[in-house]
Amino acid sequence: MHVACQKAMASRRTLQPLNGTGLARRGFMHKPVLVVTAYFVDAVDARLKQDFELRRKKNGAHFTQEELLSAADGADAMLVTPADRLDPAFFNRVAVSVKVIATHSVGIDHIDLRAAAARKIAIGYVPGISTDAVADITLLLLLGASRRAYEALQVVHSGNWNPLDLTLLLGWQLTGKILGIYGMGRIGQAVAQRARGFGMKIHYHDPHRLPREIKGDGIFLDNLYDLLRISPFLSINAPETKQTHHFLDAKAIACLPRGAIVVNAARGGMVVDEDLIAALKSGQVAAVGLDTYEGEPKLNPGYLTLKNTFLLPHIGAATVETRTAMGMLALDNIAAVLAGRPAPSLVT
């Protein structure tokens, strides 16, 4: 782009108001104090600096719970991520000044909602925004695992590529295969839509059967184990709850067709890592594609010793568009509660 054009656009941007709340001008003599536990894309960070007095650690360092409690002393609100575990002990001690906590996530399993309600602290979350981005990643996991992408990258980087070896890195094609989807909410439906473009047949298990106009040609299976038995490809897209925690254990894995491919872009806690690693070693599961892990950012080191794993660092929602929209909605929730207005997406 021409330099003059860049300068003109930059100048114009500075004249346009940010999608902020102007809280300092709407009833607050001073900017509200906001504890922030992460760093965000430029547009969200600009709004943070404009509308709030920020308390956060430098260089993206993570708060310990004690540090977070200390930072919350006298603060009006908090903006957290799933890396922050807000348990009953946290809510028993958090400052009375905190009126709202917004999480930069769809999942709320890292927050004890009952303890938050007991302290009358509103909890905001950001549903629906990451649907397309996470569905895209799910298809990347399916392709990466089924086409042995990790091994293929190693071959290229090592220089051991023999174009005459027609048996090199034979994978498994998606076309015409059944994709079993565990959890047919917004993301599961978006995954199904994309998978149909690859010629896959959709079967799903969910607490609720979808109406015909939504499920399309998808086939509902009321029993999870019936879904597993017919799924050479399995995509985990359900929320993590007490019922779904560790559902993919040795018993469930044994129900899959031998050589199945499993992908998880939901929550790592739904998988028993040791059982899945054992299945990868035995061939019961041919390959996995994972974007989430129990205990992340740490993950079971057993995955790292295997070649039939396609592993990503929880980047399902990591697009500029999605991160911007999520951050703005999280701040809309905070701004609304502090201003005494209805918030767009509070946990009820």
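Brief remarks follow.
- Taking each residue of region 235-250 that is open to solvent by less than 50 Å² (accessible area, probe 1.4 Å) and looking for partners that are in a loop (DSSP other than H, G, I, E, B) and charged (D, E, K, R) with beta-carbon atoms closer than 7 Å, six or more apart or interchain, yields E240/D109; E240/R267.
- Of the strands (runs of 3 or more DSSP E) entirely within region 59-168, those holding at least 1 residues that are touching a Lys or Arg at 6+ places or on another chain (Cβ under 9 Å) and either crowded, with 21+ Cβ neighbours inside 10 Å or hydrophobic (A, V, I, L, M, F, W, C) (or both) occupy 77-80, 122-124.
- Any hit, region 179-193, residues being of a type in the set (V, I, T) and without any contact (Cβ under 8 Å) to a residue 24 or more places away in the chain: no
- Only residues that are under 17 Å from the mean Cα position of the chain (by Cα) and open to solvent by 10 Å² or more (accessible area, probe 1.4 Å) were counted across region 264-274, and they come to 3.
- Evaluation of S231 against the conditions (1) within 21 Å of Q284 (Cα to Cα); (2) of a type outside the set (A, V, I, L, M, F, W, C); (3) open to solvent by 30 Å² or more (accessible area, probe 1.4 Å) shows that the sole unmet condition is (3).
- Scanning region 191-228 for residues that are under 21 Å from I137 (Cβ atoms) and part of a loop (DSSP other than H, G, I, E, B), we see that the one that is nearest to the chain's Cα centre (by Cα) is D206.
- Test: residue in region 166-177 that is over 24 Å from the mean Cα position of the chain (by Cα), polar (S, T, N, Q), modelled with pLDDT of 95 or more and farther than 30 Å from F40 by Cα: yes
- Remark: D51 matches the filter, which requires a residue to be open to solvent by less than 30 Å² (accessible area, probe 1.4 Å) and either at pLDDT below 90 or not small (G, A, S) (or both).
- Qualifying position, being within 19 Å of K177 (Cβ to Cβ), open to solvent by less than 50 Å² (accessible area, probe 1.4 Å) and in a helix (DSSP H, G or I), among I253, I277, I261: I253
- Odd one out for G188 among (1) surrounded by 14 or more Cβ atoms within 10 Å (Cβ to Cβ); (2) not in a helix (DSSP H, G or I): (2)
The values are calculated or read from the model by the stated rules, or taken from the named source; none is laboratory data. Bear in mind the structure is a predicted one, so any value in this text is a computation, not a measurement. Cβ: placed from backbone, ideal geometry, glycine included. Neighbour counts: every protein chain shown. Accessible surface areas use protein heavy atoms only, side chains included; no ligands, DNA or RNA. Shrake-Rupley method; radii C 1.70, N 1.55, O 1.52, S 1.80 Å.
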